[in-house]
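The values are calculated or read from the model by the stated rules, or taken from the named source; none is laboratory data. Fair warning: this is a prediction, and the values are worked out from it, not measured in the lab. We place every Cβ from the backbone using ideal geometry, glycine too, and count neighbours over all the protein chains shown. The accessibility values were calculated without ligands, DNA or RNA, using every heavy atom of the protein model including side chains. Shrake-Rupley method; radii C 1.70, N 1.55, O 1.52, S 1.80 Å.
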Amino acid sequence: MRHTMTTRLTVATLNTRGLPLKGTRISERFAATAAELDAGDIDLVCLQEVFAYHHLAHLRKGMPSFPHVAYRPSVAGPAGGLVTLSRLRLAGAAYTRLPRSSRHSGIPARARVNALHSGILTVRLADSRVRVLNIHPTANTDGDWSEHNRFRQLQRDQFTALAQAVTADSSPAVVCGDFNVARASTLHRELRRRSGLRDAFDGQCPPTFHAEYLAPGSKAHCIDFILIAEAIGVDDTDLLLTDMRTLPSGPGYLSDHIGLLARLRIPGATG
């Protein structure tokens, strides 16, 4: 007789606001972010926009209870700005580049350059079958996810690559990150349909980008997600870093994004 076993896993995701690299008190913010994450009950956290090794050093120094750190090295820092830190042992990690844009796509040059550094960082937990994918696709700087927007084809190609990465393996998947696509967009619905993933927040997450950082007249959207395989259960969800913090140089947000946290149940079986 086989008995079903359930593993609890608490995951979090945060875009750390790694750009611009100057004038935004990044070192202070990374140190404060690390201290808050280390003080919580998170098992594994997916971070985006950690573009420099000295920013990664702030995180590692401030998160001593997260001994397992995954990223793909590149010249300036972690590839794609993606870093996953874990209190649980990892069985392996892999980085995959997302599709790039054509120079004839109509997308601004800066966005095409950013697309060169968009990727997926996948880790496997050593003591369960689960995979955690940390993703940061190219941002749609138009803030328009309609059918005819110039960013649509690139974002569709990148989400197709994500769906293929999820479905290429039968092990349960958790996908965390700044998706740069609004929850209400058809691109988001297509991704969920193709990947078979569902929203850990069940569509109840508020806007995840602080309105203070938007251009006048722009609307904040939910663009950060924790998506999970159907077999994975959700005990609870929460928001992280929603308010300003007191920093050495004065009060401020630790990121232009808020963080997300989900306490999950990972199914398994033993003989």
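Structure above, values below:
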| quantity | calculated |
| --- | --- |
| Dipole of the chain, positive direction: furthest Cα of Ala12, Ala31, Leu88, with charges on the beta-carbon | Leu88 |
| Solvent-accessible surface (1.4 angstrom probe) belonging to Thr96, in square angstrom, nearest 10 | 80 |
| Dipole moment magnitude, nearest 20 debye, segment 15-161 about Cα centre, only Lys, Arg, Asp, Glu C-beta charged | 500 |
| Lys, Arg +1 and Asp, Glu -1 on Cβ, resulting dipole of segment 159-271 about Cα centre, debye, nearest 20 | 300 |
| Protection proxy ranking of 192-198, 170-176, 211-217 - average other beta-carbon atoms within 10 Å, highest first | 170-176, 192-198, 211-217 |
| Choice from Ala94, Ala200, Ala12 showing the highest fluctuation, given a GNM over the chain with Cα pairs closer than 10 Å | Ala94 |
| Kirkwood Rh and Cα Rg combined as Rg over Rh, evaluated for segment 29-170 | 1.01 |
| Rg ratio (alpha-carbon, reference 2.2 N^0.38 Å) - segment 181-236 | 1.28 |
| Convex hull projection area averaged over all views, segment 147-271, Cα basis, nm² | 10.5 |
| Where only alpha carbons of the chain are counted, the Rg and the Dmax (Å) | 17.9, 62 |
| FRET efficiency, 1/(1 + (r/R0)^6) with R0 22 Å, evaluated for Arg112 and Ser74 via beta carbons | 0.75 |
